[in-house]
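The structure appears below as structure tokens.
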Amino acid sequence: MTEFLIYLATTGGIAAMLALSLNLQYGLAGLVNLGQIAFFMIGGYVSAIIVMLGGQTIAIGILGGTVAAALFGILMALPTARLRQDYWAISTLAAAEIVRLFFLNTAFGSPYFGQAFGIDGIPQPYRRAFTEAGLTTSNYNLFYLGLVLVSLLAIFLILRWLAGTPFGRTLKAIREGDHVPLALGKKVSGFRLRAMAIGGAVGGFAGALFAHYNAFINPEYFVPIETFIIWAMVILGGAGNFLGAVVGTVIITTIYNSTRFIASFASQRDLELTPIIGFIFEPRVLGPLRMVLIGLMILLVILYLPRGLVPERRRRYGR
Amino acid sequence: MAAEPLLQVRDVARRFGGIVALDGVSLDVPAGIVFGLIGPNGSGKTTLLNIITGFVRADRGTVSFDGRPIRGLPSYRIARLGLSRTFQSSRCPQRMTVMENMLLAAANQSGESLGAAILQFRRVRAEERANLERAREILATVNLAAKVDELAGNLSGGQKKLLSLAQALMSEPKLILLDEPVAGVNPILVQEIGSVIRSLCDAGRNFLIVEHNMSFIRATCDRVAVLDTGRLIAEGEPDEVLARENVLRAYLARPTAEAPA
């Protein structure tokens, strides 16, 4: 049980990085990026390839994955700079699918490296040191959780600071349309490009951390629904507030994984259940039911708390 | 030799499909005055403003500002040359506060570059402090000092117009283009906006104003030009121009046009 909670916290921490990245793009700059998962995928794949095929250290792999995803963010923003918001959103969805299909159909070196097989046996940082010191897998997982949480805190602080700079302020203006910033001399396309590059870097970094934690990645992990779960985190938490993105991640991750607890709880207690409740507790029903629950929560938030659980804060200048 | 006009428009034309929005308009806006541009709905006033500020491309003609040709430049570059504009429907970001709107409008902010924001944060902070002071002064002149932390979206229609004007002032422009600064504003605030513009002009600011409110034009503008169906039909002192027969006809011949007050 503790092992599972540590696993949950680690993957949740990684997901929170993605939510922070999306919050920078959508919450601050108003960029409806429906291809957020592409950054995550590129970060993971590029890092794994650099380390396993390029023979580089894991640190260089993670850096490479981060830079590659940032460059992909720029690549996504460049040809689409003149598109209207709705068309732009569709183009990002398409871009992410192109990335996934590229990795699904490309083998790297051997036919069992890449394609539908994914990449297996991705090395974990300092793993051998832990084994040599006689420490257990549990110890290692705890170490990795610490690594993820420290990175998450750093990303959170950096992005929140960035939002308060003149750069972040201009992003906030762009979120409500191009005309006013343009008339005030802001090169809007340049700001969008930089928001995509930073968002890409954060997403790619998270992807690399995930790949080296999970030791296995596969194109199936990066389907469009994953992007929508990140969106659910940001909308629920409160777009425009970085703390909100983290809160949303905690809630969505909990719901997403709660079915395992409920199922085991029900089976352990051997409860006398009415047919209807018993039906709900069957795993085949519980699985899809959690998506229904997330959908319902999103609806309720949009209707009754349109600014999310942790609304965007106003910076005060009055004296 | 006469001083070169601040803004010079020469033979500018623009069609939208089969509609001729502007049909060879030439206009000189000198420095030191409030220049009014009027005309019935659909006469091409906003199109002309959009062409001058780079939001719409002209089919032909030239536009120069402060002695530099600016036609074809992207709008953000034109703004950086010192030509600031407002929009008809005051689109200033609604989910930002009044002060954030003001700080946004300051020109040449080094903190907008990521490198400077990270490496030169002292300089960025000093700039912010200076901009904050200037923003407070400007907000005081347009009577918005009490609304510093209010979201722009919560302001009244007239206050939004004032915020747009204050934003335009914040960038220290050489010429301010106001698109309908008093449309939909109550009469008392109209007078107030007029007197703010007059005193800013006396303090050395230059204005080009597009407006329908004739009494506002009379009271505020030193010179006025009249557009009708994409052509300039009159130019001169407001009282004299607004009494001309062809100007009256342009306004009165259309059932929907406002009569000169």
| query | Taking only Cα atoms, what is the 0 to 90° angle, nearest 10, from helix B:121-141's long axis to the longest principal axis of chain B? | reply | 50 degrees
| task | Just grab the label-to-label distance for B:Leu132 and A:Ala129, each label 7 Å out from Cα along the Cβ direction, in nm (one decimal). | result | 4.3 nm
| field | Theoretical gain in end-to-end length, A:Leu71 to A:Gln115 [0.36 nm per residue, Cα-Cα removed] | value | 13.6 nm
| said: Once you place label points 7 Å from the Cα toward the Cβ at B:Ile33 and A:Arg284, how far apart are they in nm? | reply: 8.5 nm
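Can you compute the FRET efficiency between B:Glu4 and A:Ile158 using 1/(1 + (r/R0)^6), with r the Cβ-Cβ distance and R0 = 60 Å? Round to the nearest 0.05.
0.75
Where in chain A are the helices, taken as whole DSSP H runs, whose Cα atoms extend 27 angstrom or more along the long axis and whose Kyte-Doolittle mean reaches at least -0.5? List each step's numbers first, then the result.
Values: long enough: A:2-22 (30 Å, 1.50); A:58-77 (28 Å, 2.25); A:85-105 (30 Å, 0.72); A:137-164 (41 Å, 1.53); A:188-214 (39 Å, 0.79); A:242-269 (39 Å, 0.89); A:283-304 (31 Å, 1.92).
The answer, listed by residue number, is A:2-22, A:58-77, A:85-105, A:137-164, A:188-214, A:242-269, A:283-304.
Please report the net charge: other residues with Cβ closer than 9 Å to the Cβ of B:Arg223, K and R +1, D and E -1.
Working: positive: none; negative: B:Asp222, B:Glu235, B:Glu237.
Spelling it out: positives minus negatives among the neighbours equals -3.
Given a Förster distance of 22 Å, report the FRET efficiency between A:Asn257 and A:Ile302 from their Cβ-Cβ distance, rounded to the nearest 0.05. Intermediate values should be presented prior to the final figure.
Details: r = 24 Å, r/R0 = 1.07.
Plugging the Cβ-Cβ distance into 1/(1 + (r/R0)^6) gives 0.40.
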| note | Relative contact order as a percentage, segment B:1-152, C-alpha pairs under 8 Å and 6+ apart, gives 19 percent
| Within 10 Å of each Cβ in A:161-171, the average number of Cβ atoms from other chains | 6
| request: Using label points projected 7 Å from each Cα along Cα→Cβ, tell me how many nm separate A:Ile98 and A:Glu220, to one decimal. | output: 2.7 nm
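Work out the length of the dipole vector of the protein assembly as shown about its Cα centre, built from +1 on the beta-carbon of each Lys and Arg and -1 on the beta-carbon of each Asp and Glu, and round it to the nearest 20 debye. Don't skip to the end; give the middle numbers.
On the way: 54 positive and 41 negative charges, 124 e Å.
Dipole of the protein assembly as shown, to the nearest 20 debye: 600 debye.
Does the protein assembly as shown come out rounded, prolate or oblate by the C-alpha gyration tensor, with a ≥ b ≥ c the root eigenvalues, rounded set by a/c under 1.5 and, if not, prolate when a/b is larger than b/c and oblate if not? List each step's numbers first, then the result.
Numbers: a/c = 2.50, a/b = 2.27, b/c = 1.10.
Verdict is prolate for the protein assembly as shown.
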| Using Cα-only point scatterers and the Debye equation, what is log10 of I(q)/I(0) for segment B:154-219 at each q in 0.15 Å⁻¹, rounded to two decimals? | -0.42
| Is chain A best put as rounded, prolate or oblate by its Cα gyration tensor, with a ≥ b ≥ c the root eigenvalues, rounded for a/c under 1.5, and otherwise prolate when a/b is larger than b/c, oblate when not? | oblate
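R0 = 51 Å: FRET efficiency of A:Thr136 with B:Asn154, Cβ-based, nearest 0.05? Walk me through the intermediate numbers first.
Numbers: r = 58 Å, r/R0 = 1.13.
Efficiency, rounded to the nearest 0.05: 0.30.
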| request: Find the relative contact order for segment B:106-261 and round it to a whole percent, using C-alpha pairs within less than 8 Å whose residues are 6+ positions apart. | output: 15 percent
| remark: Loop-resident trypsin sites (Lys or Arg not before Pro) in segment B:9-76 with no more than 10 other Cβ atoms inside 10 Å, DSSP not H/G/I/E/B, are B:Arg57
| query | Can you give me the relative contact order of segment A:2-222 as a percent, contacts being Cα pairs under 8 Å and 6 or more apart? | reply | 44 percent
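Which of the GluC sites (Glu not before Pro) across segment B:82-141 are loop residues per DSSP, with 11 or fewer other Cβ within 10 Å? Don't skip to the end; give the middle numbers.
Values: sites: B:Glu100, B:Glu112, B:Glu127, B:Glu128, B:Glu133, B:Glu137; in loops: none.
Loop-located and lightly packed - none at all.
Every number here is computed from the coordinates shown, using simple stated rules; none is lab data. Predicted, not measured: the structure shown is a model, and the values here were computed from it. Methodologically, a virtual Cβ is constructed for each residue, glycine included, from the backbone with ideal geometry; neighbour enumeration extends over all protein chains shown.
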